[in-house]
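For reference, the structure is listed below as C-alpha cells.
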Amino acid sequence: MRPEQRVAGAGVMHYLSQTKWSLRDIVALMLGTSDNTAANILLDHFGRKKVSDWLTDNFPGLQLQRNFIAPVVAGKDNFLTAAALLPAWQELFGENNEFTFFCQNALHEQTERGKLIYYADDLKFSGDTFNKTGDLVNVEHDCARLKLNQKCFDCIVLTRFTGLKQHQRALKLQQDIGRMLMQNLLQK
C-alpha cells in the first residue's frame, strides 16, 4: 500500500500502520468494513478502466468512473441502480467456488448492521445475513441476502435524502423492510 492510496471514510486501512497486505485481506476489508482504501487498492491493482469496462459488459447500469472518496471531476461519478446491482449480487451467491464462498463469508461478517439487518438480533433471527452497505452525504444504501434454511430474500434499498429528518426516515425505512423480510422467513 502506497501512502497516496490511503483515503478516509469507511474502513480501517487508512489509519493502520501496516503497508503490506494480502489480496485476500484487502478483499475482506473492502467487503466486511466497506473499506474505501481497500477498494481503491484493488482498483489500482486491476485497473479502474478494466474493472469499469467489465462492469459495463456484464452488468450494464453499474458505472465506476472514479475511485472511492475521490472528487467528481467533469461529471465522472459512480452510479448504480437496484435493477443493475441485483443480477451481480445474485451471481455472487449463485456460483460455488472458493472465491465466491470467501466473498460470501466477508459479507456475512459485515460490520455495518444498522440498516437492512438491524433487527436480526432483536428478532432472534436464526438464519444467515449477508450485506453490503454504502453511504455518502445524503445517501444510504444497503444490499442484503436474508436466508433461513432453503428460503431467502435478496433486497436492495437505495435512498437519497436531504436533512437529518429525512436521513432518519431513510434508515428507519431500511430497518423496517429488513424486519418484515426476517419476520416472513421466521413464520412457519
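A few comments on the model shown:
- Spatially proximal lysines relative to residue 165 (Cα-Cα < 23 Å; intrachain offsets below 8 disregarded): 115
- Of 49/132; 124/151; 124/147; 50/132; 132/172; 49/76, pairs whose Cα-Cα distance is over 19 Å: 49/132; 50/132
- Counting only protein heavy atoms and a 1.4 Å probe, the stretch 94-147 has 53 square angstrom of accessible area per residue.
- Here the Kirkwood formula puts the hydrodynamic radius of the stretch 48-105 at 12.7 Å, using every distinct Cα pair.
- Shape analysis of the chain yields a ratio of the Cα radius of gyration to the Kirkwood radius, Rg/Rh, of 0.96.
The values are calculated or read from the model by the stated rules, or taken from the named source; none is laboratory data. Bear in mind the structure is a predicted one, so any value in this text is a computation, not a measurement. Accessible surface is based on the protein model in full, side chains and every heavy atom, while ligands, DNA and RNA are left aside. Shrake-Rupley method; radii C 1.70, N 1.55, O 1.52, S 1.80 Å.
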